[in-house]
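**Student:** Sharing a structure with you now.
Please treat every number below as a calculation from the coordinates, not as lab data. Everything quoted here is computed from the prediction, not taken from an experiment. For neighbour counting, all protein chains shown are included, and Cβ atoms are generated from backbone atoms with ideal geometry for every residue, glycine included.
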Amino acid sequence: MKPCVFIHTNERQLLGALVAEHALRRNAARPDAFDVRIIRREDFAFFDAREGQLYLRDGHRRPWHNADLQSFTPLRFLPPELMGYQGRALVIDPDIFAVRDVGELLARDMQGKAILCRRRSGWKRSSCYASSVMLLDCSRLAHWRCEADFAALFEGGRDYADWICLRLEPPDSIGAFEDEWNDFDRLTQSTRLLHNTRRWTQPWKTGLPVDFTPGEKFSGIPALGWLMRKRREWLGDHALLGRYVRHPDPRQERFFFGLLRECLDRGIVTEAMLRDEMSRNHLRHDAIEVLARTEPLPA
């Protein structure tokens, strides 16, 4: 059985997922050695049934909205089931782009671990794994049942933060790979998978209204968490959040639009599709102009 890379997404981040798939194949020494599958939140009805219901996150109840930018994240836990609990899977967010050959990671000796990933950065590093990129031994994850575990968020059986940070997994089942396999908004000679994880600065979103709901827990600043929670409860999920801003690293913007230009040249996306994404506020409104001045990426 070939290993499979799963890119989980929703319609708001589908363009990113298509670019991510292209980057995986483009930079692989043997692109036929693994499969790539895009899985979309819209294709799983169990999400629709929970629209507007309250779920547990960071110890507080908040409404689930399928239109949120990151409503796809529970799908991180679906690949073992889709693989029949056999073989090896890599799951990545739709804002993660291969800079080098992902085959190196897919062939990694997992040393008996069920999951390989990295730690979160900043104050969450000691308490949270970054499940946005996970190499999975599916045979060791037969307890993952995505639909049932998602339902438990609404029934009080689990907290989203504990689930997404892998706190519910046996500690000895998780191993670490180098941070470069999930490089948070850092592009260097060592970067393997570039993750545009700071949502306010995603290069294809510049200037658009913010359409994600930020976290409401901050280390050592409980009052800020309270204010963010009350903002959402009183004014709405995205009130007062402003607009996406330009990425501070122009190289990362050029890298994304270089990949997008290749997708356009190869027919993976069309100009009509890009204009439709712009009209839906999924893609920055000057994207066509940015593409026109983007230099081709090195081979």
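**Student:** Quick one: order Ile115, Ile174 by neighbouring beta-carbon count within 10 Å, fewest to most. Walk me through the numbers before you get to the answer.
**Tutor:** Numbers: Ile115 21, Ile174 17.
Listed from fewest to most nearby Cβ atoms, that is Ile174, Ile115.
**Student:** Give the value in nm², to one decimal: projected area of the alpha carbon convex hull of the stretch 109-211, averaged over all directions. Numbers along the way, then the final one.
**Tutor:** Working: hull surface 34.5 nm².
Taking a quarter of the hull surface, the average projection is 8.6 nm².
**Student:** Order these by the 10 Å Cβ neighbour count, fewest first: Thr270, Thr294. Don't jump to the answer; show the numbers that get you there.
**Tutor:** Numbers: Thr270 11, Thr294 17.
Listed from fewest to most nearby Cβ atoms, that is Thr270, Thr294.
**Student:** Based on the alpha carbon coordinates of the stretch 4-195, what radius of gyration and maximum Cα-Cα distance (Dmax) apply, in Å?
**Tutor:** Radius of gyration, then largest Cα-Cα span, for the stretch 4-195: 16.0, 46 Å.
**Student:** OK, next. Please report the net charge: other residues with Cβ closer than 10 Å to the Cβ of Cys4, K and R +1, D and E -1. Intermediate results must be reported in sequence, preceding the final value.
**Tutor:** On the way: positive: Lys2, Arg37, Arg88; negative: Asp35.
Value of the local net charge: +2.
**Student:** Let me ask something else about it. Can you sort His143, His247, His65 by how many other beta carbons sit within 10 Å, fewest first? All intermediate terms of the calculation are to be shown ahead of the outcome.
**Tutor:** Working: His143 12, His247 22, His65 15.
Sorted ascending by nearby Cβ count, the order is His143, His65, His247.
**Student:** Using a simple charge model, +1 on the beta-carbon of Lys and Arg, -1 on the beta-carbon of Asp and Glu, nothing else, what dipole does the chain show about its Cα centre, in debye to the nearest 20? All intermediate terms of the calculation are to be shown ahead of the outcome.
**Tutor:** Numbers: 46 positive and 43 negative charges, 140 e Å.
My answer is approximately 680 debye.
**Student:** Considering only DSSP beta bridges where both residues belong to the chain, give the percentage that are antiparallel (nearest 5). Write out the running numbers ahead of the final one.
**Tutor:** Details: 17 of 32 bridges.
The answer is about 55 percent antiparallel.
**Student:** Multiply the residue separation of Asp109 and Asp276 by 0.36 nm, subtract the distance between their alpha-carbon atoms, and state the gained length in nm to one decimal. Intermediate values should be presented prior to the final figure.
**Tutor:** Working: separation 167, 0.36 × 167 = 60.12 nm, distance 4.30 nm.
My answer for the length gained is 55.8 nm.
**Student:** What's the extension gain from Ala29 to Lys2 if we count 0.36 nm per residue and subtract their Cα-Cα distance? Could the numbers behind the result be given before it?
**Tutor:** On the way: separation 27, 0.36 × 27 = 9.72 nm, distance 1.53 nm.
Additional length available on full extension: 8.2 nm.
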